[in-house]
Amino acid sequence: MTTKHIFLDVDGTLVSYENILPQSAVDAIQHAQANGHKVYTVTGRSKAEMYEEILAIGFDGYIGGNGNYIELGDQVLYHKHLNLDQTTAIVDWLTSRNLEFYIESNSGLYASENFEERGKQTIKDT
C-alpha cells in the first residue's frame, strides 16, 4: 500500500465557522491514519489557536500561521517570525494611527487595549 498524505484546512473544513468539530471528521482522520496514511493540518491559525480538542486528534504534522510555522510530528521544521524590532515598529505604527490590532504567535494572541470594543463596532458597521 502507498502512503497518502492528506492536508486539511481547519476553519470551514475540519471545524465549522462556529468552531464545532464533528465526530465524523475525527473518525475519518483516525481511520485514514489506521490505514497507514499521514494527515496534516494546513491553516492560517497560529499554534495558540489550535485548541486541545483539535490537537487531541493526533495529526502527523501541522502547517500553520499561513505557512510561517511547520511541524512534522514533534519536530519544528520551519518557523518564520518577526523579531522584536519589526514587531515594535508595526505596533508603534498602528498605535500612532489609533488602530486596534492583535498579534498572533505560537504562545498566544495579544490584543491591543481597545481591540474588543472597537472590533464589535466594526462588525456592526459592516
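The values are calculated or read from the model by the stated rules, or taken from the named source; none is laboratory data. The model shown is predicted, which means the values in this text are computed figures rather than measured ones. Here the Cβ is made from the backbone with ideal geometry for all residues, glycine too, and neighbour counts use every protein chain on show. Surface areas here come from the heavy atoms of the whole protein model, side chains and all, with no ligands, DNA or RNA. Shrake-Rupley method; radii C 1.70, N 1.55, O 1.52, S 1.80 Å.
Accessible surface for the chain, divided over its residues, is 69 Å² per residue with a 1.4 Å probe. Note that the range 1-49 carries a Kirkwood radius of 11.7 Å, evaluated over its alpha carbons pair by pair. Along the axis of the charge dipole computed for the chain (Cβ charges of +1 for Lys and Arg, -1 for Asp and Glu, origin at the Cα centre), the listed residues Gly36, Met50, Ile70 are led at the positive end by Gly36. An ellipsoid equivalent to the range 23-126, defined through the eigenvalues of its Cα gyration tensor, has semi-axes of 34, 18, 9 Å when rounded to whole angstrom and sorted largest first.
Dipole of the chain computed with +1 at Lys/Arg Cβ and -1 at Asp/Glu Cβ about the Cα centre; of Gln23, Leu84, Phe59, farthest Cα towards the positive end is Phe59.
In the chain, the DSSP-assigned H stretches of four residues or longer account for a calculated mean residue ellipticity at 222 nm of -9500 deg cm²/dmol, using -39500 (n - 2.57) per stretch and the full residue count as denominator. Each part gets one Cα centre, and for the range 8-46 versus the range 73-122 those centres are 26 Å apart. Electrostatic bookkeeping for His5 treats Lys and Arg as +1 and Asp and Glu as -1; over the other residues with beta carbon under 9 Å from its beta carbon, the sum is +1. Using a probe radius of 1.4 angstrom, the carbon and sulfur fraction of the accessible surface of the range 44-117 is 52%. Both radii come from the Cα set of the range 84-126: Rg as radius of gyration, Rh as Kirkwood radius; their ratio Rg/Rh reads 1.02. For Asp92 and Val76, the difference between the fully extended length at 0.36 nm per residue and the C-alpha to C-alpha distance is 2.7 nm.
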